[in-house]
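The values are calculated or read from the model by the stated rules, or taken from the named source; none is laboratory data. Computed from a predicted model, the values in this text were never measured in an experiment. Cβ: placed from backbone, ideal geometry, glycine included. Neighbour counts: every protein chain shown.
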Amino acid sequence: MLAFDAFILNEDRHTNNILFLYDSVTKIWKLAPLFDHGLSLLSDIKDYPLNIPISILKRKVKAKPFSSAFSKQLALYQGDPFIKRNLLVQKLEEAPYHLNRAKDVVLSQLQERSLQRLIID
């Protein structure tokens, strides 16, 4: 969850959108599917104006809830890479509608050095 939030620059992760599901048969708790990504990809144009370069805006985004730095939250991630670069780029190109700046942010994040361990080439 925190690694994905770092990739999409989700500034709105909080304890009301971190949920767990309990399987009463196996008696195992699991993280619920992720949701509420509305304040991701620099979508708030009041805080992240369209006329300012993405590289500058990315420095302003604050992570939540465990640290205000995505790098610190990302350091906690011990898992395997999970972002399929080629498939993601293909889907961005094939989108039936214009993705505007969101596409540019994703492409920028794919180049981000600190995120390379999340990406499958």
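Brief remarks follow.
- Among residues of segment 66-90 being touching a residue at least 40 places away in the same chain (Cβ under 8 Å) and in a loop (DSSP other than H, G, I, E, B), the one that is nearest to ILE18 (Cα to Cα) is PHE66.
- Residues that are buried (at least 19 other Cβ atoms within 10 Å of the Cβ) and either among the hydroxyl-bearing types (Ser, Thr, Tyr) or at pLDDT 95 or above (or both), drawn from segment 12-42: SER40, LEU41, LEU42
- Residue within segment 45-54 that is in contact (Cβ under 8 Å) with a residue 40 or more places away in the chain and either out of contact with any Asp or Glu (no Cβ under 8 Å at 6 or more places or on another chain) or surrounded by 11 or more Cβ atoms within 10 Å (Cβ to Cβ) (or both) present: yes
- Residues that are surrounded by fewer than 18 Cβ atoms within 10 Å (Cβ to Cβ) and either modelled with pLDDT under 95 or on the phi > 0 side of the Ramachandran plot (or both) within segment 1-11 comprise just one, MET1.
- Failed criterion for LEU42 (all others in (1) assigned to a loop (DSSP other than H, G, I, E, B); (2) on the phi < 0 side of the Ramachandran plot; (3) touching a helix residue (DSSP H, G or I) at 6+ places or on another chain (Cβ under 7 Å) hold): (2)
- Considering (1) of a type in the set (A, V, I, L, M); (2) exposed (fewer than 15 other Cβ atoms within 10 Å of the Cβ); (3) assigned to a loop (DSSP other than H, G, I, E, B), the lone condition that ALA63 does not fulfil carries the number (2).
This table checks each residue for (1) aliphatic (A, V, I, L, M); (2) over 23 Å from GLU11 (Cβ atoms); (3) in contact with a strand residue (DSSP E or B) (Cβ under 9 Å, 6 or more places away or on another chain).
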| residue | (1), (2), (3) |
| --- | --- |
| PRO65 | no, no, no |
| PHE70 | no, no, no |
| GLN78 | no, yes, no |
| LEU92 | yes, no, no |
| VAL105 | yes, no, no |
| ARG113 | no, no, no |
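- Pick from segment 92-106, criterion out of contact with any helix residue (DSSP H, G or I) (no Cβ under 7 Å at 6 or more places or on another chain) and surrounded by 13 or more Cβ atoms within 10 Å (Cβ to Cβ), ranking: farthest from ASN16 (Cα to Cα): ARG101
- Screening SER114 with (1) hydroxyl-bearing (Ser, Thr, Tyr); (2) surrounded by 15 or more Cβ atoms within 10 Å (Cβ to Cβ); (3) part of a helix (DSSP H, G or I) gives one miss only, at (2).
- Among the residues of segment 6-39, the ones that are in a loop (DSSP other than H, G, I, E, B) and of a type outside the set (Asp, Glu) come to 17 in all.
- Among all residues of segment 82-92, there is at least one that is among the charged types (D, E, K, R), more than 19 Å from ASP5 (Cβ to Cβ) and modelled with pLDDT of 95 or more.
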